[in-house]
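A quick write-up on the structure given underneath.
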Amino acid sequence: MNEKRVWPEDEPWWQFTPRNLGSGYLSWVAGGALLVWGGMELLGGGLRTGQTVLFAIITVCGIALLFQSTYGIRKLLRRRNG
């Protein structure tokens, strides 16, 4: 229980490698959901300035989460396949 989490030296701070494929795919789905939600709100129009900024941030976070989780899933699959 007193396990100290240390960031791997070969991995930059902005990259994410999940512990298993399930959490990697869950992260990928969450990123896609944020991207779709933010994109649909932005494309729908009729937003005030504050709402536009909020949904732009949500969209950017969704894109970043997609990139991070795709990298992590690929890394896990490479480890699994040798």
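Rounded to the nearest Hz, the phi-derived 3J(HN,Hα) couplings of the range 18-23 under the Karplus curve 6.51 cos²θ - 1.76 cosθ + 1.60 (θ = phi - 60°) are x, 6, 8, 5, x, 6, where x marks glycine and proline. Put simply, when 36-46, 17-27, 67-77 are sorted by average Cβ atoms within 10 angstrom per residue, most first, you get 67-77, 17-27, 36-46.
Seen against the Cα atoms of the chain and their longest principal axis, helix 49-81 is set at about 20 degrees.
On a per residue basis, the chain carries 79 Å² of accessible surface, using protein heavy atoms and a 1.4 Å probe. What percent do you get for the relative contact order of the chain when only Cα pairs under 8 Å and 6+ apart count? Relative contact order for the chain comes out at 44 percent. Distant-in-sequence amide contacts of PHE16, defined by a placed amide H-H separation under 5 Å and a gap of 5 or more residues or a different chain, comprise GLY72.
Taking the inverse of the mean 1/r over every pair of distinct Cα atoms in the range 10-82 gives a Kirkwood hydrodynamic radius of 13.2 Å.
Over the residues of the chain, the helix contribution to mean residue ellipticity at 222 nm works out to -25000 deg cm²/dmol, using -39500 (n - 2.57) for each DSSP H run of at least 4. Available extension along the chain between LYS75 and VAL29 is 14.8 nm, counting 0.36 nm per residue and deducting the alpha carbon span.
The values are calculated or read from the model by the stated rules, or taken from the named source; none is laboratory data. For clarity, every value in this text was computed on a predicted model and none was experimentally measured. Note that each Cβ is placed from the backbone with ideal geometry, even for glycine, and that neighbours are counted across all protein chains shown. Quick note on the areas: whole protein, heavy atoms, side chains included, nothing else; ligands and nucleic acids left out. Shrake-Rupley method; radii C 1.70, N 1.55, O 1.52, S 1.80 Å.
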